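**Q** This is the structure I have questions about; it appears just below.
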Amino acid sequence: MPDTFGAFRPATLRFALPCELSQVRQAAKTAHDFLIEQGCNDDILTACDLALVEACNNAIKYAPDNARQHPVGVEITCHDGQLELRVADHTRGFDWPERVELPPPESESGRGLFLIQSLMDSAHYLRGNGENILIMRKARPSAAAHAKPVAGARMENDRLITGLLDELSSSYESLAAIFRHSATQNKAADLIKFARGVLGDLAGLVGADWFVFRTAQNQSRLDVLAASESALDMGSIIFRGENGDAAFLEAEAAVSRQAIWFDENRVLSGADPLRQKPRSRGLVYPVFVEENFVGTLVLGKNVKRGVSSPAGERAFTSSQTNIIATFAQFLALQIVNARLQEEHVAHRIIARELEIAGSIQRSLMLKELPQLPGFEIAALCRSAHQVGGDFYDVLKLTDDTALLVIADVMGKGVLAAMFAAILRAVLRATPELNGEPAALLARVNQILFDELSGVDMFITAQLAFVDVKARRLVVGSAGHCPLLVADGSTVKSLSPEGMPLGILPDAVFVSETVDLPTNCRVLLYTDGLTEAMDGAGERFGQERLTDWFNKGGHQARPARELQEDLANQLAQFEVKTGLNDDQTFLIMTG
Amino acid sequence: MDMDMKFQNDGETLRVSAVPELSAANANSFRDETRHAFGGDQRNIEIDLSETAAVDSCGLGALVALHKTTSGRGGVLRLLNPTPSVQQILELTRMHRIFEVVRQ
């Protein structure tokens, strides 16, 4: 801006105030002494003292715990006709009300902003990313104003208008650029190309010569998304963990969650990629979306040889920094959106997988069970989840014989459904052993062992060969819960020895044979029945199941009625908890 | 913040003096210590502000709190001899109408 105030040189005091209320008094005194040096009168001193104290109190009181290590930035500039006080805080920020009203007299708080508004000519609160700035201005009598009061006032107005126009035009440019990119983003699938475009525009807006944007991967690694030159990409930067490159500037910004300014005098550690740009000044800016770290943006300006800028002077002005923050925020949102979209696709794939598994499982369940003369068979399979690992099957072997199958594949999803289908196929493909459950289980275990143990899965199964003419049942079990046989007065529980399928390659199975008296009932089930839980945390249990099965009234009831009755019993028991595990059972009466 | 405030009992009134400042740093402890010193049979609080160099909005909050304490007992909060800058803040926030401000 042209110097409209002739020979007057503005004086500036800048200091960092530790984030502690007890330090505010000393800070106010430092500011007070500076303002006295600058020839401020008592009225201005009193007003500035209190406004600064109120601003600092707020900056400290509302700083979140994780920002307390960062000092509050205080900057006071005395122009000829005006004082400007800037307080930079690390709070979450707030919306400065258009007009601050005095709170009711009985209120014990809420007078701070009112005091600032009353004591200062103007107060503006600019919210940034991680840092907000309160800018307070107050006019003071100036030598020029005394000599030419009208011209002085006009110049002051001109200066304010020019400043406002500057701010407006810079926001206009950044907004226009963002809108332009938003329009293309919908079409552009390539996030990298998009990022390069946005960052190129940003560099142009703030006068940066180079840039590099790295995105966080796995919460510990930064990888280049876009850089103005390939030399800046020197592989991943690890910012967490034992092998972290904590000494790298970008890693430091990622861990501290704070922006870092650097200049050509800053000594960078060994392999820091920013060493590629030794004579530069700039900013490393960590980018967040809703508290989640997204990446780091570095923007740099080349420093010409022989030209020395004042030590400590930052590469970008505060309004340029605001523009950088806006762009970085925008780009980060686009990155997060792109990731969410990818996840959405992944979710759809999983949903499709479950759909397939579900249809495999449904195809396993027989629509109509084969029946045996003089006997009735009924079965039910209820899945707690979209896809379960339970299944039952009835293989009719001859007119008078059949193999009853019940199994529980340990695991869920497509793999469990696949193994259920494979088991069913293998059983059907081994008709020569269908009459010998123990030998059949041993064979099935040999066939499936490699596949099952390879994915750490196993299957419990129970096979029952039934011969209605001989009224005989031969049972084999692979680690499955017992089979129950009731004859009206007693319940027999059969659990022949045998490991689940997929545990041991050469597992041995034994079979048990039981006679079927007239009016008998046979129950095959999975442990989802006995494990069912009521509202009080009590399990349905083996005893309750046996008692139900042994009820005298059940005698001569057809299998379908018993199946409905048991399903109702279970539903009533679980009325408060709902179905938690797959429940499958098969009942034969005759 | 170390404070060496003085408390004096004068019948129904508690007098507080030697308060160097009333700010965010000490407002809560000032309020609590004063309430602690306020006897069960007392009704009024007088705060000598002649040595108080600075008061901010948090300090005003503490005064409002003590004002409520005294009102609850049918008494008053009296501020003695505020410095011109403190008087200005009281007027700016209209608090001079709420508290009894006395010059002696």
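Values quoted throughout were computed directly from the atomic coordinates according to the rules given, and no laboratory measurement underlies them. For clarity, every value in this text was computed on a predicted model and none was experimentally measured. Neighbour counts are summed over all protein chains in view; Cβ atoms, including those assigned to glycine, are modelled from backbone coordinates with ideal geometry.
**Q** Taking Cα atoms, how many degrees apart are the long axis of helix A:559-573 and the longest axis of chain A, rounded to 10 and kept between 0 and 90?
**A** Helix A:559-573 and the main axis of chain A meet at about 30 degrees.
**Q** So if each residue of separation counts as 0.36 nm, and I subtract the Cα-Cα distance between A:S22 and A:S269, what length gain in nm does that give? It would help to have the intermediate numbers written out before the result.
**A** Numbers: separation 247, 0.36 × 247 = 88.92 nm, distance 3.70 nm.
Separation in residues times 0.36 nm, less the Cα-Cα distance, equals 85.2 nm.
**Q** Additional query: Taking only Cα atoms, what is the 0 to 90° angle, nearest 10, from helix A:191-206's long axis to the longest principal axis of chain A?
**A** 10 degrees
**Q** Along each of its three principal axes, how wide is the spread of alpha-carbon positions in the protein assembly as shown, in whole angstrom units, largest first?
**A** Reported extents, whole Å, longest axis first: 125, 79, 41.
**Q** Let me ask you something else. Using the count of nearby Cβ atoms within 10 Å as a rough guide to exposure, how do A:H32, A:H554, A:H480, B:H36 rank from fewest to most? Before the final figure, lay out each step's value.
**A** On the way: A:H32 16, A:H554 19, A:H480 26, B:H36 8.
Least crowded to most crowded, the residues run B:H36, A:H32, A:H554, A:H480.
**Q** Right, something else. For the stretch A:23-112, what Kirkwood radius comes out of the mean inverse Cα-Cα distance, in Å? List each step's numbers first, then the result.
**A** Working: mean 1/r = 0.0683 Å⁻¹.
Radius from the Kirkwood sum: 14.6 Å.
**Q** Any lysines with Cα under 30 Å of the A:K61 Cα? List them, leaving off those in the same chain fewer than 8 positions away.
**A** Qualifying lysines at Cα under 30 Å: A:K29, A:K138, B:K6, B:K68.
**Q** If R0 is 30 Å, what FRET efficiency do you get for A:S236 and A:R14 from their C-beta distance, rounded to 0.05?
**A** Numbers: r = 37 Å, r/R0 = 1.24.
So, using R0 = 30 Å, E works out to roughly 0.20.
**Q** Helix A:413-428 versus the longest principal axis of chain A: what is the Cα-based angle in degrees, 0 to 90, to the nearest 10?
**A** With both axes taken from Cα atoms, the answer is about 20 degrees.
**Q** When each pair of different Cα atoms in the stretch A:458-499 is counted once in the 1/r mean, what is the Kirkwood radius in angstroms, to one decimal? Could you put the intermediate results ahead of the total?
**A** On the way: mean 1/r = 0.0892 Å⁻¹.
Here the Kirkwood hydrodynamic radius works out to 11.2 Å.
**Q** Can you put A:V405, A:V303, A:V491, A:V510 in order of Cβ neighbours within 10 angstrom, beginning with the fewest?
**A** On the way: A:V405 23, A:V303 20, A:V491 17, A:V510 13.
Ascending Cβ contact count within 10 Å gives the list A:V510, A:V491, A:V303, A:V405.
**Q** If you count, for every residue in A:19-28, the Cβ atoms of partner chains within 10 Å of its Cβ, what is the mean?
**A** On the way: counts 0, 1, 8, 5, 1, 5, 10, 0, 0, 4.
Across the residues of A:19-28, the mean count of other-chain Cβ atoms within 10 Å is 3.
**Q** Let me ask another. Mind checking the full-extension length gain between A:A351 and A:Q69? Use 0.36 nm per residue of separation minus the Cα-Cα distance, one decimal, nm.
**A** Details: separation 282, 0.36 × 282 = 101.52 nm, distance 4.63 nm.
Additional length available on full extension: 96.9 nm.
**Q** Rounded, prolate or oblate: pick one for the stretch A:477-547, where a ≥ b ≥ c are the square roots of the eigenvalues of its C-alpha gyration tensor, a/c under 1.5 means rounded, and failing that, prolate if a/b is larger than b/c, else oblate.
**A** Values: a/c = 3.44, a/b = 1.11, b/c = 3.09.
In terms of gyration-tensor shape, oblate.
**Q** Which shape class, rounded, prolate or oblate, goes with the stretch A:454-590 when its Cα gyration tensor gives a ≥ b ≥ c as root eigenvalues, a/c under 1.5 marks rounded, and past that a/b bigger than b/c marks prolate?
**A** Values: a/c = 2.27, a/b = 1.05, b/c = 2.16.
It is oblate, given that a/c is not under 1.5 and a/b is not larger than b/c.
**Q** Then there's this: Label points 7 Å out from Cα along the Cβ direction at B:E91 and A:A429: separation in nm?
**A** If labels sit at B:E91 and A:A429, their model points lie 10.1 nm apart.
**Q** Ranked by Cβ crowding within 10 angstrom, fewest neighbours first, how are A:Y125, A:Y285, A:Y62 ordered?
**A** Values: A:Y125 20, A:Y285 26, A:Y62 14.
Fewest to most other Cβ atoms nearby, the residues stand as A:Y62, A:Y125, A:Y285.
**Q** To the nearest 0.05, how large is the calculated FRET efficiency for A:E229 and A:D190 if R₀ is 22 Å and r is the Cβ-Cβ distance? Walk me through the numbers on the way to the answer.
**A** On the way: r = 19 Å, r/R0 = 0.86.
That pair, A:E229 with A:D190, gives E of 0.70.
**Q** Here's a follow-up. Would you tell me the mean number of C-beta atoms belonging to other protein chains that fall within 10 Å of each C-beta in A:106-113, as a whole number?
**A** The per-residue average across the peptide is 6.
**Q** Another one. Averaged across orientations, what area in nm² does the convex hull of the alpha carbons in the stretch A:203-313 project? Could the numbers behind the result be given before it?
**A** Numbers: hull surface 29.3 nm².
Across all orientations, the stretch A:203-313 yields a mean hull projection of 7.3 nm².
**Q** Where the centre of each part is set by its Cα atoms, how far does the stretch A:520-590 sit from the stretch A:35-110, in angstrom?
**A** So the two Cα centres are separated by 73 Å.
**Q** Mind pulling up the Rg/Rh value for chain B? Radius of gyration and Kirkwood radius, both on Cα. List each step's numbers first, then the result.
**A** On the way: Rg = 12.3 Å, Rh = 13.4 Å.
Taking Rg over the Kirkwood Rh, I get 0.92.
**Q** When a/c is below 1.5 the answer is rounded, else prolate if a/b is larger than b/c, else oblate, so apply that to the stretch A:68-122 with a ≥ b ≥ c taken from the square roots of the Cα gyration tensor eigenvalues. List each step's numbers first, then the result.
**A** Values: a/c = 2.41, a/b = 1.25, b/c = 1.92.
Here the stretch A:68-122 falls in the oblate category.
**Q** Which pairs break 18 Å Cα to Cα here: A:K277/A:K304; A:K277/A:K301; A:K469/A:K551; A:K551/A:K576?
**A** Listed pairs above 18 Å: A:K469/A:K551; A:K551/A:K576.
**Q** While we're here: Testing the spin-label approximation: label points 7 Å from Cα along Cα→Cβ at A:S453 and A:F94. State their distance in nm.
**A** 6.8 nm
**Q** Can you compute the helix-only [θ] at 222 nm over chain A? Use -39500 (n - 2.57) per DSSP H run of at least 4 residues, normalise by all residues, nearest 500 deg cm²/dmol.
**A** Values: 12 runs with 214 residues, N = 590.
So the helix-based figure for chain A works out to -12500 deg cm²/dmol.
**Q** Right, here's the next one. What aspartates and glutamates does A:K367 reach when the alpha-carbon gap must be under 18 Å and sequence neighbours fewer than 8 apart in one chain are set aside?
**A** Cross-link targets: A:E376, A:D390, A:D393, A:E561, A:E564.
**Q** If each of A:R339 and A:A571 carries a label point 7 Å out from its Cα toward its Cβ, how far apart are those two points in nm?
**A** Result: 4.6 nm between the two label points.
**Q** Could you order the peptides A:375-383, A:10-18, B:18-26 from most to least packed, using the average number of other C-beta atoms within 10 Å per residue? Don't skip to the end; give the middle numbers.
**A** Values: A:375-383: 19.2, A:10-18: 14.6, B:18-26: 21.6.
Packing proxy ranking, top to bottom: B:18-26, A:375-383, A:10-18.
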